[in-house]
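Take a look at the structure set out below.
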Amino acid sequence: MKRQIGRYVKLAGMGRALAGGRLNFGGETRYRLRAGETLLDLAAEAAGKALEEAGMGMEDMDCIVCAMATPLQAIPCNAALVHERMAKGMNIPAMDINTTCTSFISALDVMSCMIAAGRYEKVLILSGDTASAALNPQQKESYELFSDGAAACVLVKAGPGEGSGILYARQCTWSEGAHDTEIRGGGGLLPAFSMTEKNQEEYYFDMKGIQILRLCARKLPGFVEECLREAGVAREEIQAVIPHQASKALDVIMPRLGFPKGTYINRVPAYGNMVSASVPFALCETIQEGRIRRGDLVLLMGTAAGLTVNFMLMRY
């Protein structure tokens, strides 16, 4: 039996932006902010492209959502600063949704429910991070993995006859991995003004790759099987799999989840890990390349610090 669409929404337009600096590590390309360039610049560029592709303006949006891992500043929320840049003088609500690397999938999940409930009809969702701001040059594993970038989409209400929508979504968190990926300093537990020469590494990004892989190896296979069973969808029905571009181990993890090489998008060599922008950036690029077409069944999935995992089936 064909799985029925649960929430009638569609991506009316998408856009992406990369930082202007380029580095090369072992034949793989990474992008980092240039002097004077900010994440807000990248987010606004990606959002402008998404609105243009959708044939809409900011005045058409019912809500602005920033689905990002890191704050532009401590207060206010990122979405308020995007609002100031792109919608100043308008009374459009703005909010943040943050599950770190999977923030975009979480935002799609939450905002599609809001659209289905009739609260909104057109929502601008932006994701992006500048991981380079907190990378530790002494931790080669992470320092050579991340890029700075942004991606955005215009999510709109769709009619039943259009065939677009969210079929299934699920999120789980296994907090035994809460300290495997973290920046300990800068928040309420270890404030920015507490930094000293002795504890400055607490304010850098810290990733324990081996421990993350072990936890994923234990938890993810069963999680994916359960999601597919609950959704009533076989792997063979899925036209495109867009995973979070977590690491160079993507080609190890995905086949263990039942997705052989060639069935999923791997852009780690070209861009690395762009944190919250990874999934929407790869999705946008794949759509623009014509590899995803209207009516295709697409799986968005990934892991995030926490350890949080998201799984979403959508009909593009």
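Considering only residues that are assigned to a loop (DSSP other than H, G, I, E, B) and modelled with pLDDT of 95 or more, look in region 118-130 and name the one that is nearest to Cys284 (Cα to Cα). The qualifying residue nearest to Cys284 (Cα to Cα) is Glu121.
Screening Gly187 against (1) open to solvent by 30 Å² or more (accessible area, probe 1.4 Å); (2) touching a strand residue (DSSP E or B) at 6+ places or on another chain (Cβ under 9 Å) leaves a single unmet condition, (2). Test Ser112 against the criterion of being closer than 18 Å to His244 by Cα, modelled with pLDDT of 95 or more and among the polar types (S, T, N, Q), and give yes or no. For Ser112, the condition - closer than 18 Å to His244 by Cα, modelled with pLDDT of 95 or more and among the polar types (S, T, N, Q) - is not met. Applying the criterion of being assigned to a loop (DSSP other than H, G, I, E, B) and under 22 Å from Lys10 (Cβ atoms) to the residues of region 88-117, the residue that is most open to solvent (accessible area, probe 1.4 Å) is Ala117.
Each row is one residue, and each column tells you yes or no for (1) open to solvent by 30 Å² or more (accessible area, probe 1.4 Å); (2) modelled with pLDDT under 85.
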position	(1), (2)
Leu167	no, no
Arg170	yes, no
Glu176	yes, yes
Ile183	yes, yes
Glu197	yes, no
Gln200	yes, yes
Gln211	yes, yes
Leu215	no, yes
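Residue-wise test of (1) within 22 Å of the chain's Cα centre (by Cα); (2) within 19 Å of Cys101 (Cα to Cα).
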position	(1), (2)
Lys157	yes, no
Gly165	yes, no
Tyr168	yes, no
Trp174	yes, yes
Glu182	yes, yes
Gly188	no, no
Ala192	no, no
Lys198	no, no
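You will find that of Ala158, Ala150, Ala192, the residue that is surrounded by fewer than 17 Cβ atoms within 10 Å (Cβ to Cβ), hydrophobic (A, V, I, L, M, F, W, C) and in contact with a Gly (Cβ under 7 Å, 6 or more places away or on another chain) is Ala192 and no other. Residue count for region 50-67, restricted to those that are out of contact with any Phe, Trp or Tyr (no Cβ under 9 Å at 6 or more places or on another chain) and either over 14 Å from Leu155 (Cα atoms) or not in a strand (DSSP E or B) (or both): 11. For region 243-266, does any single residue satisfy the condition of being touching a His at 6+ places or on another chain (Cβ under 7 Å), open to solvent by less than 20 Å² (accessible area, probe 1.4 Å), at negative phi and aliphatic (A, V, I, L, M)? There is no residue in region 243-266 that is touching a His at 6+ places or on another chain (Cβ under 7 Å), open to solvent by less than 20 Å² (accessible area, probe 1.4 Å), at negative phi and aliphatic (A, V, I, L, M).
Cβ separations smaller than 6 Å between residues 6+ apart or across chains give the following pairs from region 198-215 residues that are closer than 28 Å to Pro255 by Cβ to residues that are modelled with pLDDT of 80 or more and open to solvent by 30 Å² or more (accessible area, probe 1.4 Å): Gly209/Glu141. Considering only region 27-49, I want to know if a residue exists there that is among the aliphatic types (A, V, I, L, M), closer than 18 Å to Ile92 by Cα, in contact with a Leu (Cβ under 8 Å, 6 or more places away or on another chain) and in a strand (DSSP E or B). Among the residues of region 27-49, not one is among the aliphatic types (A, V, I, L, M), closer than 18 Å to Ile92 by Cα, in contact with a Leu (Cβ under 8 Å, 6 or more places away or on another chain) and in a strand (DSSP E or B), which makes the answer no.
The values are calculated or read from the model by the stated rules, or taken from the named source; none is laboratory data. Everything numeric here is computed off the predicted structure, so don't read it as measured data. Positions of Cβ are backbone-derived with ideal geometry, glycine not excepted, and every protein chain shown enters the neighbour counts. Surface areas here come from the heavy atoms of the whole protein model, side chains and all, with no ligands, DNA or RNA. Shrake-Rupley method; radii C 1.70, N 1.55, O 1.52, S 1.80 Å.
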